[in-house]
Amino acid sequence: MILDEIQSRLVILYTMRCLKTTVTEDMFNEVIAYQDIIDYFTMYNYIYELEKMEMIKPLEYEGVKRYDLTKKGIASVQTLKTKIPLSIRDKIYNKAYDINQREARGRRFITDITPIDESKYLAKCGLYERGTPLLEVSVFAGSKKNATDIAERFKKNASMVFQTLLEKIVEED
């Protein structure tokens, strides 16, 4: 079945909606390209276009590029998903279900450093469930060495850091 441009974009958005986590390029390939819904190169052209249209946003976790839906993308797919043929929606849903089962895992702490410019860095620590951020903390660290040191301390004390933050957030006056 040949999909038009709108349907092809909706396939990508629908795939992201069905997957219960931020989506990696491998997940896109498994759900869309490997099932011959859209070919690899066309799919990535549409992903790029959807980024430019601000319907999806790229993210990076643990050095892996991932994509997440924006509010605009969610609204579009909720309104227009019936424009995708039912047989294709079923293929996507079934494969996404399999991936969701495979990817299901508990909460994880992830630390990373992110460059701001050539000489300034952030140390980041996040609490994630199934790839979706529950809580993230970014600290300006200055140098790369400082950022690496802070990230290591985050890694060692992540549960205490987030427990303290959550206690302060929900603390009543």
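Restricting attention to segment 1-54, report how many residues are within 26 Å of Q101 (Cα to Cα) and not hydroxyl-bearing (S, T, Y).
Our first condition is that a residue be within 26 Å of Q101 (Cα to Cα); within segment 1-54, this holds for 8-40, 43-44, 47.
Those still in the list that are not hydroxyl-bearing (S, T, Y) too: 9-13, 16-20, 23, 25-33, 35-39, 43, 47.
So the count comes out to 27.
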Looking at (1) among the β-branched types (V, I, T); (2) part of a helix (DSSP H, G or I); (3) farther than 18 Å from P85 by Cα, which is the one condition that is false for I6? (3)
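Working carefully through the options S76, S87, find the one that is in contact (Cβ under 8 Å) with a residue 60 or more places away in the chain, under 23 Å from I47 (Cβ atoms), loosely packed, with under 14 Cβ neighbours inside 10 Å and among the small types (G, A, S).
It is S87.
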Would you confirm, using the coordinates I've provided, whether E49 is touching a Lys or Arg at 6+ places or on another chain (Cβ under 8 Å), charged (D, E, K, R) and surrounded by 12 or more Cβ atoms within 10 Å (Cβ to Cβ)? yes
Within segment 108-134, the residues that are surrounded by 15 or more Cβ atoms within 10 Å (Cβ to Cβ) and of a type in the set (A, V, I, L, M, F, W, C) are F109, I110, I113, L122, A123, C125, L127
So which residues in segment 1-55 are acidic (D, E) and free of Cβ contacts under 8 Å to residues at least 60 places away in the same chain? D4, E5, E25, D26, D36, D39, E49, E51, E54
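Bear in mind these aren't lab numbers, they're just calculated from the coordinates by the rules spelled out. Source: prediction; values computed, not measured. Counting neighbours? That spans all protein chains shown, and the Cβs are built from the backbone with ideal geometry, glycine included.
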